[in-house]
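First up is the structure itself, then whatever we jot down about it.
The values are calculated or read from the model by the stated rules, or taken from the named source; none is laboratory data. Because the structure is a prediction, the values reported are computed rather than measured. Glycine gets a Cβ as well: all are built from the backbone with ideal geometry, and neighbour counts include every protein chain shown. These area figures cover heavy atoms from the full protein model, side chains too; ligands, DNA and RNA do not enter into them. Shrake-Rupley method; radii C 1.70, N 1.55, O 1.52, S 1.80 Å.
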Amino acid sequence: MRILLWHVHGSWTTGFVQGPHDYVVPVLPDRGPDGVGRAQSWDWPDTVREVAPERLGDEDLDVVVLQRPHELDLVRQWTGRRPGQDLPAVYLEHNVPGGRVPFDRHPLADQRRIPVVHVTDFNALLWDNGQAPFTVIDHGIVDPGHRYTGELERAAVVVNEPVRRGRAVGTDLVVDLARRHPVDVFGMKAHALRDLPDVPAGLRTFEDLDQERLHTEMARRRVYLHPNRWTSLGLSLVEAMTLGMPVVVVASTESAIAVPPEAGIVSTRPEELAASVRDLLHDADLARAMGARAREHALHRFGLKRFLHEWDAVLAAVHAGQSLPGSAP
């Protein structure tokens, strides 16, 4: 198939474009949010093509994967076709609801032409999907390989814009932990943490690493900390497990059930999270054994083969005008 989609979430898209299709991504001169084009920090295959908006109408598109409500209008403006009518469409929902949870109504809840695919069961449960058909496809990632060395007795955190997003991504928990144990934070605008009052000396920040370098640097740290309170299941957590890292995780949203006991520590108690980080920093053998089990679990649950197979089934159903496999209502 020839699939139109916007480059919205680079890590998720990296797995998606490994499939057997042709992928068209809009590109604008400024590479802004509606025209990022191909990834600069991830490795994408040649089957992903950049196309300017004024040329999209000439593309023989089979389906569009929508990810933001305003893309419905962009498709109409840029292709002259109506998603769900003239052009088969599916809406991919990456996020947890963020308003009057659990009463938030999904933007596509009042229609039946465009099915919704959630990336976690938790998201599907919390959103009011209304009459829209919906299903769930768990994340799938390209295996970065077992890279864990744990040579640095530090905890790693990966989060974009930790200051702006604040408590949602557990920034306060990270800062508090860094007062007791060394923590390295990776991600976009991570340096903004340095401007917070009373930043502990144990907190270091890193920006602008491509995926290859990021994975290598993560794996040098002894333990991965996932402090997010209210986000969808972070791909950085899945990637950390796949790298062979032991993980310490706030038990919230899908993260509460994504990590089995043998692969990491999952808790809602900050003191227990801090104690778990301490234990893993001080016990390299325990950390290595737990990380090995984390990798085994991640490869099984978030493997690329399963992910692409489920997406192929959804795309085929949408293109044929059929119900999604495993969909509701």
Quick one: what pairs do we get from region 141-166, first residue small (G, A, S), second assigned to a loop (DSSP other than H, G, I, E, B), C-beta under 9 Å, 6+ apart or different chains?
-> G145/G244; G150/G244; G150/M245; G150/P246; A155/A178; A155/H181; A155/P182; A156/M245
When region 15-35 is examined, which residues are found to be open to solvent by 10 Å² or more (accessible area, probe 1.4 Å) and either in a loop (DSSP other than H, G, I, E, B) or touching a residue at least 60 places away in the same chain (Cβ under 8 Å) (or both)?
-> Q18, G19, P20, H21, L28, P29, D30, R31, G32, P33, D34
Taking only pairs six or more apart or across chains, which ones have beta-carbon atoms under 6 Å, a first residue in region 181-196 that is under 16 Å from P227 (Cα atoms), and a second residue that is open to solvent by 40 Å² or more (accessible area, probe 1.4 Å) and assigned to a loop (DSSP other than H, G, I, E, B)?
-> G187/N160; A190/E207
Would you check which residues across region 126-153 are within 23 Å of L243 (Cα to Cα) and open to solvent by 40 Å² or more (accessible area, probe 1.4 Å) and list them?
-> V142, D143, H146, R147, T149, E151, L152, E153
State which residue pairs qualify: first residue closer than 14 Å to L5 by Cβ and inside region 69-82, second residue surrounded by 11 or more Cβ atoms within 10 Å (Cβ to Cβ) and aromatic (F, W, Y) in any location, beta carbons under 9 Å apart, and separation of 6 or more residues or different chains.
-> E71/W6; E71/Y91; L72/Y91; L74/W6
State all residues of region 103-141 that are out of contact with any helix residue (DSSP H, G or I) (no Cβ under 9 Å at 6 or more places or on another chain), in a loop (DSSP other than H, G, I, E, B) and charged (D, E, K, R); if no residue qualifies, say none.
-> D110, R112, R113
Subset of region 166-197 [in a helix (DSSP H, G or I) and basic (K, R)] = R167, R194
Checklist (1) open to solvent by 20 Å² or more (accessible area, probe 1.4 Å); (2) at pLDDT 95 or above; (3) under 19 Å from the mean Cα position of the chain (by Cα) applied to G98, failing item | (2)
Do we find a residue being within 22 Å of the chain's Cα centre (by Cα), surrounded by 15 or more Cβ atoms within 10 Å (Cβ to Cβ) and small (G, A, S) anywhere in region 36-57?
-> yes
Under the condition of being assigned to a loop (DSSP other than H, G, I, E, B) and open to solvent by 10 Å² or more (accessible area, probe 1.4 Å), which residue from region 1-14 is nearest to E54 (Cα to Cα)?
-> H7
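Quick one: which of V266, V223, V259 is open to solvent by less than 30 Å² (accessible area, probe 1.4 Å) and without any contact (Cβ under 8 Å) to a residue 40 or more places away in the chain? Spell out the reasoning first.
On the way: V266 fails: open to solvent by less than 30 Å² (accessible area, probe 1.4 Å); V223 fails: without any contact (Cβ under 8 Å) to a residue 40 or more places away in the chain.
Of V266, V223, V259, the one residue that is open to solvent by less than 30 Å² (accessible area, probe 1.4 Å) and without any contact (Cβ under 8 Å) to a residue 40 or more places away in the chain is V259.
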What number goes with the only condition from (1) open to solvent by less than 20 Å² (accessible area, probe 1.4 Å); (2) in a helix (DSSP H, G or I); (3) not acidic (D, E) that V163 does not pass?
-> (1)
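Do we have any residue at all in region 74-88 that's touching a helix residue (DSSP H, G or I) at 6+ places or on another chain (Cβ under 7 Å) and closer than 25 Å to S255 by Cα?
Taking region 74-88 first, the residues touching a helix residue (DSSP H, G or I) at 6+ places or on another chain (Cβ under 7 Å) are 78-83, 87-88.
Subsequent filtering for residues that are closer than 25 Å to S255 by Cα retains none.
Within region 74-88, not a single residue is touching a helix residue (DSSP H, G or I) at 6+ places or on another chain (Cβ under 7 Å) and closer than 25 Å to S255 by Cα.
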Kindly check whether there is at least one residue in region 229-247 that is modelled with pLDDT under 95, open to solvent by 10 Å² or more (accessible area, probe 1.4 Å) and under 20 Å from R154 (Cβ atoms).
-> yes
Quickly run through region 36-60 and pick out the residues that are under 27 Å from L214 (Cα atoms) and assigned to a strand (DSSP E or B).
-> V36, V48, R49, E50
